[in-house]
Amino acid sequence: IKWDEINKVINVNEPEYIDLISPGGSVSDTSMNVVYSKFPVFTWNADNCSSCQMYIRVCEFNPSNHSSPAEAINDIANLPNVENNSYYAINDNSNTFQYPTDAGDLHPGKVYVWQIRKDIVTTSGTEQLLSNIMAFKIKDFSSNQNNSDNLESSSPVAMLLRNLIGDDLTNSIFG
């Protein structure tokens, strides 16, 4: 074997992104970021990384206590339900996670923020990559609303119907 004739290609990839998909959006307008369950399913896109560990953090956003989503995400968490700045480990490599039943309760009518953290094991230690922060609101079915909102609050399917055919047609059909 001639050592000067051996070629070997080594691909080095560094995980670069985490894009949150749902639930959520801006904390300033949660009307389009409503969740109909106290156990939402979180979804995101991230580049593949076999040696990475994923984590999630969910916190209540209270406008009287928090001036920004970042301030809320660094406050007391609902998930993990401990009083420190830790994140909840997601044990698989999927890009979805359902809020666990044994975590802190998510209450109807309240706004929550969430963030994903990816720990990347490197030869120089562990690096952390944080996603942006998204907000969502848990639907409050107990609130009194006018008739045009009652169809929307009755079920996610009814809200989908309203979105598909529009408010005018929905109101004319269902009153």
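The values are calculated or read from the model by the stated rules, or taken from the named source; none is laboratory data. In this text, all values refer to a predicted model and were calculated from it rather than measured experimentally. Cβ atoms come from the backbone with ideal geometry, glycine included; neighbour counts cover every protein chain shown. Surface areas here come from the heavy atoms of the whole protein model, side chains and all, with no ligands, DNA or RNA. Shrake-Rupley method; radii C 1.70, N 1.55, O 1.52, S 1.80 Å.
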- Query: If you check residue 30 against the conditions, is it closer than 13 Å to residue 137 by Cα and part of a loop (DSSP other than H, G, I, E, B)?
  - Reply: yes
- Before we move on, is residue 72 modelled with pLDDT under 95 and crowded, with 17+ Cβ neighbours inside 10 Å? no
- Task: For region 77-90, name all the residues that are of a type outside the set (Ser, Thr, Tyr), open to solvent by less than 60 Å² (accessible area, probe 1.4 Å) and assigned to a loop (DSSP other than H, G, I, E, B).
- Result: 80
- Keeping to region 1-25, report how many residues are modelled with pLDDT of 90 or more and in a loop (DSSP other than H, G, I, E, B). 1
- Task: Can you work out which of the residues in region 22-37 that are surrounded by fewer than 18 Cβ atoms within 10 Å (Cβ to Cβ) and within 13 Å of the chain's Cα centre (by Cα) is nearest to residue 105 (Cα to Cα)?
- Result: 34
